[in-house]
Amino acid sequence: MRALAANLEEVFREAAARWTLVAWFALSTLFVGIFAAAVNLDIVDGALAGVKLFGKTVDIAGRKVDVDRLVLGFESGFSAILYLVGTFLAVFATAHLVPRLQEKGTIDLYLSRPVGRVPLLLSRFLSGLLLAAANVFYLIVSIWLIVGWKTSVWDPRLLSGGGIILFAITTLLAFAFLVGVVTSSTAVSIMVTYGLFFLSSILAAHEKIEAALSSKWSAGLVRALYWILPKTAQLGQAVVTLVSDGHSFRRAPALDPFAVYGTTALFALVSLALASWLFSRKDF
């Protein structure tokens with residue numbers, strides 16, 4: 001147990017020593033700072049009287065807009081940006097965990113300790129998740145505090161969207177670990193994981209793609225890929241819907257909970273299990 005705790009601590013020390021942690025939170029702080037400086041709201045008697053974005057006045061036709069409705073719309077729109085920023089930063093900052101572990105000298109040191117290979121890999125995975133969770137928490141809470149401070153509306157739904165974002169990060173990180181075990185390359189892990197993200201997003205329109213294909217086998221391949229791969233686009237949509245109306249599927253009947261969460265969780269479990277199996281059998 002002490003050895004596992006030491007592995008977790010070393011991941012955080014490594015991230016700090018290599019400036020990964022500093023750069024990660026610096027970029028997040030820059031994003032939050034731009035958001036805080038860009039949005040200026042003029043609240044009069046509980047209603048919105050004026051809006052400025054990046055110094056330019058947004059025309060609301062002289063009408064006063066209910067602040068509660070504005071905040072919900074504003075936060076739901078920004079939750080989509082937070083989903084992209086949070087997942088991309090998380091993959092970029094944690095994809096190195098397995099390739100660096102497998103470097104000559106480093107892996108020899110870890111394997112000399114009384115910790116099995118699978119627990120060692122899973123401790124690195126847990127460390128990456130903790131780093132990602134800290135950054136997602138920092139991003140979402142900062143945006144939530146800024147919006148609440150400027151509007152006096154403190155709706156917790158933006159905070160709940162962080163759970164779905166972290167779920168998506170967990171899935172992508174599991175796949176990045178699998179690629180990292182196979183290739184021992186940080187660059188390849190990042191590129192392939194980003195490729196998975198975009199391919200999965202494209203497959204959200206699998207029905208239209210299938211209808212445009214001329215052969216049954218190609219349409220079947222697209223359908224199979226859709227069900228196998230994680231549902232990154234649908235998860236982003238679920239975040240936005242959750243923040244806007246408090247339920248991730250209420251306004252999106254096409255999003256079946258099992259089809260989105262169930263298949264995505266299964267993909268993550270299979271990826272992490274396969275990564276653990278390959279790592280346990282790898283010859284160093």
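Calculate the spin-label point distance for A36 paired with S112, positioning each point 7 Å from the Cα along the beta-carbon direction, and give it in nanometres.
The modelled label-to-label distance comes out at 4.7 nm.
With θ taken as phi - 60° and the coefficients 6.51, -1.76 and 1.60, list the Karplus ³J(HN,Hα) couplings across the range 95-101 in order, rounded to whole Hz; mark glycine and proline as x.
Using θ = phi - 60°, the values come out as 5, 7, 4, 7, x, 5, 4 Hz.
Calculate the spin-label point distance for V22 paired with D283, positioning each point 7 Å from the Cα along the beta-carbon direction, and give it in nanometres.
4.2 nm
Rounded to the nearest 0.05, what FRET efficiency do L199 and E103 give with R0 = 45 Å and r taken as the Cβ-Cβ distance? Could you check?
Numbers: r = 29 Å, r/R0 = 0.65.
E(calc), rounded to 0.05, equals 0.95.
To the nearest µm²/s, what D does Stokes-Einstein give for the range 62-209 at 10 °C and 1.306 mPa s, using the Kirkwood radius over alpha carbon pairs as Rh?
D = 91 µm²/s.
Starting with the highest mean, order 140-151, 19-30 by the number of other Cβ atoms within 10 Å, averaged over the residues of each peptide.
On the way: 140-151: 17.4, 19-30: 14.8.
Most protected by this proxy first, the peptides run 140-151, 19-30.
Starting from the amide H of K231, placed 1.01 Å from N in the peptide plane, find each other amide H under 5 Å away whose residue is 5 or more places distant or on another chain.
The answer is T264.
Give me the one-decimal nm value for the distance between modelled label points at F137 and H206, 7 Å along each residue's Cα-to-Cβ direction.
3.5 nm
Residue by residue through the range 228-245, which ³J(HN,Hα) values in whole Hz follow from phi under the Karplus form 6.51 cos²θ - 1.76 cosθ + 1.60 (θ = phi - 60°), with glycine and proline marked x?
7, 7, x, 9, 5, 5, 5, 5, x, 5, 5, 4, 4, 5, 4, 5, 7, 9
Values quoted throughout were computed directly from the atomic coordinates according to the rules given, and no laboratory measurement underlies them. Since the model is a prediction, treat every value here as computed from it, not as a measurement. Using ideal geometry, Cβ is built from the backbone for each residue, glycine included, and neighbour counts are taken over all protein chains shown.
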